[in-house]
């Protein structure tokens, strides 16, 4: 009898095979953008503004041009001659490439120097003399909306205030009616602070324009190479077939490497002007002060409650601080991204929300930091609000959740803001988490400790978030729809290359996408290589962010594998000399119905595709698939954290952290767990230390790793992971997105735990991060603590 | 990193280093551990003509005790040497407590005690420890050596009392006269962060009576602060909740904190009081005299 293949052993679905990427990363054999050295390559450095808001009176580059080894000093005025002083943003605004009229945030790009080496280029930047006429700086929406606020975007015709968008969604009248009938209305106001994805590798590019062939090749740190190619074609008016974007190994992205930055554009322009390759590698301060930040949102909202705990409606308003240019890198048709996914996992009949964006003198480029755009703020507010409501009702926070969570038999479930939840077992996830933490025991322990002056607390966060944009109806980037693609070539020997439009920055695509092919075709995973990141050699795709790769490119990979299998079936019938209808499939093998021993392997079929095709069948075994997802996938998570707070110093320590994730079918459980631990580390970071603030003059506090604190292994708590599996009903292999869940749902669990530890003080909110001084202030003065900039200084 | 251009010198002996220092005068800068200097030149906050790297000078990486208990620390003695020092764990609990709290493991592998003192960062931890212990610096020059008490070494933020042509070659802690105990407490937002507040406590006792008290504060003034009144409140008394409370209160009064992104002045003052109280109550004994 033919032996059936063991899918786990050959690296298929459910196999925790080691990451194939790691061999080269751990042994220093990766190739990052900065590793490429091209013949004749020059180096570019950027001169940045030291002030947040000022009119530029003059830019004198004379001395910089005189430094030996300097080839080019590019100013905004020169860029304007090529129509590139400004560029369009992904949010249909404009952004300065190099400032001409004003600087609008500290760190803004003013000029570039291209030289033989980066030392000389930096010397050149220092030699440029800029004369500024200072203007008052605006560092929060309240200042931006004041009647006497200076107009930040005086470059825009018809822009008379600092508002960059207004937005509303939901059923306003139904919501008002529900609120009128409420027994109790619970209110919360908070600020989700500005943070930065801060990948260890900063942004950079090598633009290589060949004047002979007129082809432009750009090596760059981008999570979305194909859309960058289209953007360059449109912005720089170059023919798209003469542009090749190569995104080599990337040292972390977290959303930071989605947008187009001035440095990319300037390096391309300088390469075209000089006819030589120009390398730009950003330093850490440049990355932290000028590239895509995240969050910075003020949210105030309410829940309408019945005395028995039922939530009747929700309404809330968000003020976003968008920085100097509205260049949010978000792909939805909704101005505030997927913020209206809030409260989706609760069965709430009515909801209404509004939002307003403001220009401020802070860095632009809001990105989805480990997040589908604005979901993190939505889920944080949701879970902080849920805890506040349970507290106001005097109900147990777990039971309040249980009462309002969407029930298992209620899927698909339409949220009050129009999303359609695909599947889930919410109550089960909550129960697994409560069991794991020992909920009732901890509540007793907390009471007992309180009587001895110790402050323990427990925080819960339960949420479901929409992952995997698009569908093409609602999601696009500059008009290009949010599908994704895969191309599969099976070689004569049965080995294969899979080419995808997504692009890993550490997620492990080269490992997991091969596993999908293995699951569909039975080709062992080590026999499949995954190619990505080179626009000349991969099918079009929208890139990797927003936990979308598995829901979109992963689905395309399954679909293209099935096309290959369909053709292989014809080849198998030919080899077995039976009709196609008489051929059965098992993993890696076709056999004759009723005669299991008479079979051919997928490898046999591959060889036949090139050596022994039946008449009339096209040779070869290759295909591609473009996948437009019918819906987003909705993973669910229940996170519980316990803490102890030191009331004398405000320092809090995590005692335990339990995570229950239901992300559908897990392709590689080890990688999924790694993603959850990484996300939870960032959640802890948000809650505890990681934020960027500004002083009253618009100076960035958090422009380097001395001030922008990332947790190390030393302070990061341990995480206890658990699993529930509910397959996505519409994804070909039942998978859901997962990369961002813990970062999205985690922060509220930590904050709720600290709030629980001080639940006798009457304090409703301390803004993140819960720095020791803020917690101490809340306990000592029994008052809420705001974290909104400007930061207080003597 | 792309600093401004400078000349690099790597002398092989102390006399060669002193000659170079004389030759280049104020255009020269000494590199020991480089953990503060390197970020500053990377960010181009500072520049100089000549960098004199003393890491190749043999015989400066020691730390040792005389028979009377005087401690000596060479200019190339690293924080990590002190973190893992049996000697300090036996004899000097304040230093043993502080060493693992300096920056992070990577910085501790290169950074030096003497360099840190000379850098005179008001948020530096070692200066408080040395103030509490009445530590000194030995400065060498072509003219010979002189002793500078750490209390006189720091003349302002990032400013030290070394003269042109001098290299700090050793730090010294005088011999104790009684039973030694002490602690260093540091509030930091994350490992590797500068202190929001740091408190060094160093006591010598005879029986239950405190014979000498050293209390110094980090991060709550333009330089590290020696809380003299708090020290005096303890000398001649035994430690009990009354004397501890009084010393903690006096130390908090000596602090000159400013409100910034690490916290309000009021908060920092409160933490000084809390930490002095905790450090006195929970101080670690020396394991051997």
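Placing one equal scatterer on every Cα of region A:707-794 and applying the Debye formula, the log10 ratio I(q)/I(0) at q = 0.11, 0.12, 0.15, 0.26 Å⁻¹ is -0.50, -0.57, -0.78, -1.39. Looking at region B:7-53, the pairs of alpha carbons with a distance over 14 Å make up 48% of the total.
Relative contact order, whole percent, for chain A stands at 16, derived from Cα pairs under 8 Å and 6 or more residues apart. Mean per-residue shielding of peptide A:769-776 is 5, counting Cβ atoms of other chains within 10 Å of each Cβ. What do you get for the angle between helix B:241-254 and the principal long axis of chain B? Use alpha-carbon atoms, 0 to 90 degrees, nearest ten. Roughly 40 degrees, rounded to the nearest 10.
Cβ-to-Cβ counts within 10 Å put A:767, A:60 in ascending order as A:60, A:767, the fewest first.
Once the gyration tensor of the Cα atoms in region A:445-493 is diagonalised, the equivalent ellipsoid follows with semi-axes of 53, 21, 8 Å, ordered largest first. Stretching residue A:586 away from residue A:214 to a fully extended chain increases their span by 128.9 nm, per 0.36 nm per residue minus the current alpha-carbon distance. Seen against the Cα atoms of chain B and their longest principal axis, helix B:265-282 is set at about 70 degrees. The ratio of the alpha-carbon radius of gyration of region A:425-470 to the globular-protein estimate 2.2 N^0.38 Å is 1.64. Stokes-Einstein diffusion of region B:63-173 at 25 °C, 0.890 mPa s viscosity, Kirkwood radius from Cα pairs, rounded to a whole number: 176 µm²/s. For chain B, the relative contact order comes to 16 percent (Cα pairs under 8 Å, sequence separation of at least 6). Legend: ranking of residues A:519, A:596 from fewest to most surrounding C-beta atoms inside 10 Å; resulting order A:596, A:519. Size descriptors for region A:243-354 (Cα atoms only): Rg and Dmax, in that order, 20.9, 72 Å. Relative contact order for region B:7-53: 60 percent, from Cα pairs under 8 Å spaced at least 6 residues apart, divided by residue count. Divided by 2.2 N^0.38 Å, where N counts the residues, the Cα radius of gyration of region B:112-168 comes to 1.04. Distance between the C-alpha centres of region A:417-490 and region B:217-289: 45 Å, rounded to the whole angstrom. Stretching residue A:146 away from residue A:77 to a fully extended chain increases their span by 21.6 nm, per 0.36 nm per residue minus the current alpha-carbon distance. Counting other Cβ atoms within 10 Å as a rough exposure proxy, the listed residues A:260, B:129, A:785 run A:785, A:260, B:129 from fewest neighbours to most.
Using Cα-only point scatterers and the Debye equation, what is log10 of I(q)/I(0) for the protein assembly as shown at each q in 0.06, 0.10 Å⁻¹, rounded to two decimals? For the protein assembly as shown at q = 0.06, 0.10 Å⁻¹, log10 I(q)/I(0) is -0.53, -1.32.
Building the convex hull from the alpha-carbon atoms of region B:179-284 and averaging its projection over directions returns 6.1 nm².
Computed from the alpha carbon positions, the gyration tensor of region A:460-596 leads to an equivalent ellipsoid with semi-axes of 32, 17, 15 Å, biggest first. For region A:637-794, the equivalent ellipsoid derived from the Cα gyration tensor has semi-axes of 32, 19, 13 Å, listed largest first. P(r) for region A:201-253, from all Cα pairs and a bin width of 5 Å, is 5, 21, 29, 24, 12, 6, 2 %, short bins first.
The angle between the Cα long axis of helix B:14-24 and the longest principal axis of the Cα atoms of chain B comes to about 70 degrees, rounded to the nearest 10. Need the C-alpha centroid separation for region A:148-225 versus region A:654-669, integer Å. Their Cα centres are 29 Å away from one another.
Remark: mean inter-chain Cβ contacts per residue of B:182-192 equal 4, using a 10 Å Cβ-Cβ cutoff to other protein chain atoms.
The Rg/Rh ratio for region A:588-672, using Cα coordinates for both the radius of gyration and the Kirkwood hydrodynamic radius, is 1.36. Region B:65-108 and region A:90-144 have Cα centres separated by 46 Å. Only helical runs count toward this figure. For chain B, summing -39,500 (n - 2.57) over DSSP H runs of n ≥ 4 and dividing by all residues gives -9000 deg cm²/dmol at 222 nm. Using the empirical formula 2.2 N^0.38 Å as the baseline, the Cα radius of gyration of chain B reaches a ratio of 1.00. Mean partner shielding of peptide A:282-292, defined as the number of other chain Cβ atoms within 10 Å of each residue Cβ, is 1.
FYI, it's all coordinate maths here, none of it is from the lab. Just so you know, these numbers come straight off a predicted model, no measurement behind them. With ideal geometry, Cβ positions are generated from the backbone for all residues, glycine too; neighbour counts draw on all protein chains shown.
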